[in-house]
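Written out below as structure tokens is the structure these notes cover.
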Amino acid sequence: MPQASLSRQITDFANRANPYPLYEELRRTPVLHEEDGPYVISSYYDIEALLHDPRISSDAANLAAAGGDELSGPEATGLPPSFIRLDPPEHDRLRRIAMSSFGPPHRPRRIDSMRGELGEIVTGLIDGFGDARQIDLVDRFAYPFPVTVICRLLGVPREDEPRFRAWVDPIVAGLDPDTRTSAASQRTAQEARLQLGMYLNGLVEQRAREPRDDMLSDLVNSRGPDGAMTTMEVLSTAVLLLIAGHETTVNLITNGMLTLLRHPEVLERLRDDPGLSVRIVEELLRYEPPVQIVPQRTCIADIELRGVTIPKGSRIWLMLAAGNRDPERFKDPERFDPDREDIQHLGFGSGIHSCFGAPLARLETQIALSELARRLEGPRLVEDPPPYRQNAVLRGPRHLNIAFDGLR
């Protein structure tokens, strides 16, 4: 394999079903720079260090100045950048305000108190399979579950959830590298963003007048030491929660069920012991992470790494999925092992930009996988590998067709 083509092969859709041999090849050159492309970092310890390094910028303006690339994607919401596309101190201020309505210390029970409601949603979706003996797990379960949850968390009225989903679909489709070149898909996505923004703005105005016990009300009415978000900041944070809050979880659930069906002995253990779901989800986040690459980073100073100077202004790709299978960090890394004693993965990133929705994604996936294991009789894959999404960053099956003998 010619080394100069490695990063191009990683983004090539032909390799989406199994990029891991490419990641293994990549780790032989832990700091890879091809032609005028980004610096590609694939070692666990290097990635972890750079995620904590203040010389690495997440600011969208710095990335644009560095030229961007095919994985970066436009913010393109007509809103200011969300806090994941900002650096301190603005990132820290907005993230603290968002965190205060999401969990400890201000809302310590918000996520855990949803456990019963999450279970009810999962039960309803599985009951909805009815007499079917074959389903697409993505369309029938893995997609509607987290979208319903994020709607409830934000405070979107249940009767509006179908409208909400109709806007989300084209927005998410517009994030895929292949559709960015399509003028028609971008127009559809832009229209959906406009409609979603107008809808959320109406909810924001309503919550300013009549606060409720939901996250949107908290964002609108936050008056802590960091001050208040502007209306535009509330809207960009709400859109971030909506997209990031469901898209990664769809992939985590789908990758999870695919992995369990490929490891039936683990699926059988989970059926008998739902508590095993905690360890299974952590190993999944290492073994098949829903976010494979962090491409939106720029050096704001020269950085020396393994004898290579990465110049100021350079673009960097942090290959989380390659780091998660780095044999320098994990014993027998290519093996799916929920009994692994040390699973300090990079599945939710690390440092100041670590995924603040991680507690919810974990709980959703634990409940989803344990209930699917418990209730599906004789589940099996209809095709392997399944058809994948185009996106190399948010990697997961677009469809996962499963056959089964009935419901418990």
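Odds and ends about this structure:
- Set side by side, the residues R335, R362, R374 differ, and just one is assigned to a loop (DSSP other than H, G, I, E, B), on the phi < 0 side of the Ramachandran plot, open to solvent by 20 Å² or more (accessible area, probe 1.4 Å) and basic (K, R), which is R335.
- Identity of the residue in segment 16-31, in a loop (DSSP other than H, G, I, E, B) and open to solvent by 40 Å² or more (accessible area, probe 1.4 Å), that ends up nearest to E304 (Cα to Cα): R28
- Those residues of segment 160-198 which are closer than 17 Å to F13 by Cα and either modelled with pLDDT of 85 or more or β-branched (V, I, T) (or both), in sequence order: T179, T181
- Among the residues of segment 309-341, just one is among the acidic types (D, E), under 28 Å from S58 (Cβ atoms) and under 24 Å from the mean Cα position of the chain (by Cα), namely D326.
- Screening segment 97-125 for residues that are at pLDDT 95 or above and hydrophobic (A, V, I, L, M, F, W, C) and picking the one that is most open to solvent (accessible area, probe 1.4 Å) gives L125.
- Subset of segment 382-396 [touching a residue at least 24 places away in the same chain (Cβ under 8 Å) and either closer than 14 Å to L261 by Cα or part of a loop (DSSP other than H, G, I, E, B) (or both)]: V382, D384, P385, P386, R389, Q390, N391, A392, V393, R395, G396
- Close pairs (9 angstrom Cβ cut-off, 6 or more residues apart or separate chains): surrounded by 15 or more Cβ atoms within 10 Å (Cβ to Cβ) in segment 188-203, part of a helix (DSSP H, G or I) and of a type in the set (S, T, Y) anywhere: N201/T231
- Residue list for segment 344-359, filter: open to solvent by 10 Å² or more (accessible area, probe 1.4 Å) and either over 14 Å from the mean Cα position of the chain (by Cα) or of a type in the set (A, V, I, L, M, F, W, C) (or both): Q344, H345, F348, G351, I352, C355, F356
- Within segment 252-270, the set of residues being crowded, with 24+ Cβ neighbours inside 10 Å and of a type outside the set (A, V, I, L, M, F, W, C) comprises T254, G256.
- Residue selected from segment 381-396 under the condition open to solvent by less than 40 Å² (accessible area, probe 1.4 Å) and of a type outside the set (D, E, K, R), by the criterion nearest to Q296 (Cα to Cα): V393
- Listed by first and then second residue, the pairs with beta-carbon distance under 8 Å, at least 6 apart or on different chains, first residue in segment 352-381 and in contact (Cβ under 8 Å) with a residue 40 or more places away in the chain, second part of a helix (DSSP H, G or I) and aromatic (F, W, Y), are E364/F145; A368/F141; A368/F145; L372/F141.
- Scope segment 147-165; condition part of a helix (DSSP H, G or I) and over 19 Å from L360 (Cβ atoms); matching residues: E159, D160, P162, R163
- The residue pairs whose first member lies in segment 291-313 and is part of a loop (DSSP other than H, G, I, E, B), whose second member is surrounded by fewer than 21 Cβ atoms within 10 Å (Cβ to Cβ) and of a type in the set (K, R), and whose beta carbons are closer than 8 Å, counting only pairs six or more residues apart or on different chains, are I300/R55; I300/K312; A301/R55; A301/K312; D302/K312.
- Selected residue (criterion: modelled with the lowest pLDDT) from residues of segment 204-235 that are open to solvent by 40 Å² or more (accessible area, probe 1.4 Å) and in a helix (DSSP H, G or I): N221
The values are calculated or read from the model by the stated rules, or taken from the named source; none is laboratory data. Here the structure is a predicted model, which means the values were calculated and not measured. Because the Cβ atoms are built from the backbone with ideal geometry, glycine has one as well, and the counts that use them run over all protein chains shown. Accessible surface areas use protein heavy atoms only, side chains included; no ligands, DNA or RNA. Shrake-Rupley method; radii C 1.70, N 1.55, O 1.52, S 1.80 Å.
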